[in-house]
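What follows is a single structure, written as structure tokens, with notes after it.
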Amino acid sequence: QRGQYSDAVPVLERATRVSSQMVSAFRTLGDAHLALGELDKAAVAYRQAVALAPEDVGLRLSLARSLTEAGDYSEANSVCRQTLRFVKNSPAREAQVYRQLGEIASHEGKTGEAVSALYKAQELDPRDVEIPRSLASVASRGGLYAEAATACQRVLLLAPLDVGAKKQLAWVNFKLERYPVSIKHYEALGDSLGTVDRYYLAQAYAKTNKTDRAVELF
């Protein structure tokens, strides 16, 4: 819990040897490896946890996420497809599976398939703010900036104070060449702008002939 993952790993490994049936130890060991960027080791721990608790949807999604980050898209996809069998009566959980399927497809460069999966997730659980957040990232990554703008607006509808979504909306409008709108969103963020945000704001000023402001920011 304090983020001392390197210290936690050997203790967790001992715990799994003391009792090979301890699901929580394998789950936490997977979490620790994932936090350390040890994706293959994380996947091994999550696989062992899933073998002990095959109907635990959260564990299956953790396994799928670690596989996705490791680039093993085929197995990640297979895990998600298998997980759908366990969530048919739970729209919120089914939405999480489709969200992960969207992330997998996006990493594979299948933007259309990714967006489709995330729309399905959003339909299943329209109140989950993380789904439109994922949709905004996936659409941006694939160059679908209008889709990304709509998703950002949905995030802000559900979480009006979300600074990250406000910054992304400003950037997406810049990419759409809606420079005055982009400027308005950036300026509304005030001192929370980072270096990259200020760079794009300066670019937007330059595009709208506000040369003095652009030079000042550059």
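The values are calculated or read from the model by the stated rules, or taken from the named source; none is laboratory data. For clarity, every value in this text was computed on a predicted model and none was experimentally measured. Cβ: placed from backbone, ideal geometry, glycine included. Neighbour counts: every protein chain shown. Please note that ligands, DNA and RNA were not included when accessible areas were found on the heavy atoms of the full protein model with its side chains. Shrake-Rupley method; radii C 1.70, N 1.55, O 1.52, S 1.80 Å.
Within the set Lys120/Lys184; Lys166/Lys210; Lys88/Lys110; Lys41/Lys175, which residue pairs have Cα atoms separated by over 29 Å? Correct reply: Lys120/Lys184; Lys41/Lys175.
Computed per residue of the chain from DSSP H runs no shorter than four, each worth -39500 (n - 2.57), the mean residue ellipticity at 222 nm is -24000 deg cm²/dmol. Against the main long axis of the alpha-carbon atoms of the chain, helix 163-175 sits at an angle near 60°. Taking Arg141, Arg14, Arg47 in turn, the Gaussian network model of the chain (Cα-Cα springs below 10 Å) assigns the largest fluctuation to Arg14.
Per residue, the stretch 43-190 exposes 45 Å² of accessible surface when a 1.4 Å probe is rolled over the protein heavy atoms with every protein chain present.
Ordered by packing density, taken as the mean number of other Cβ atoms within 10 Å over each peptide's residues, highest first, how do 111-118, 148-155 rank?
The packing order, highest mean first, is 148-155, 111-118.
Both radii are taken from the alpha-carbon atoms of the chain; with Rh as the Kirkwood radius, Rg/Rh is 1.08.
Would you mind classifying the stretch 45-173 by shape? Square roots of the alpha carbon gyration tensor eigenvalues, ordered a ≥ b ≥ c; an a/c under 1.5 is rounded, otherwise it is prolate if a/b is larger than b/c and oblate if not. Prolate, since a/c reaches 1.5 and a/b exceeds b/c.
For the chain, the longest principal axis of the Cα atoms and the long axis of helix 5-18 meet at an angle of about 20 degrees. Surface composition of the chain: carbon and sulfur atoms hold 49% of the protein heavy-atom accessible area at a 1.4 Å probe.
Sequence-distant contacts, meaning Cα pairs under 8 Å at least 6 residues apart, place the relative contact order of the stretch 131-218 at 19 percent. Relative contact order of the stretch 60-215: 12 percent, from C-alpha pairs under 8 Å at least 6 residues apart in sequence. The C-alpha atoms of the chain define a longest principal axis, and helix 73-83 lies at about 70 degrees to it.
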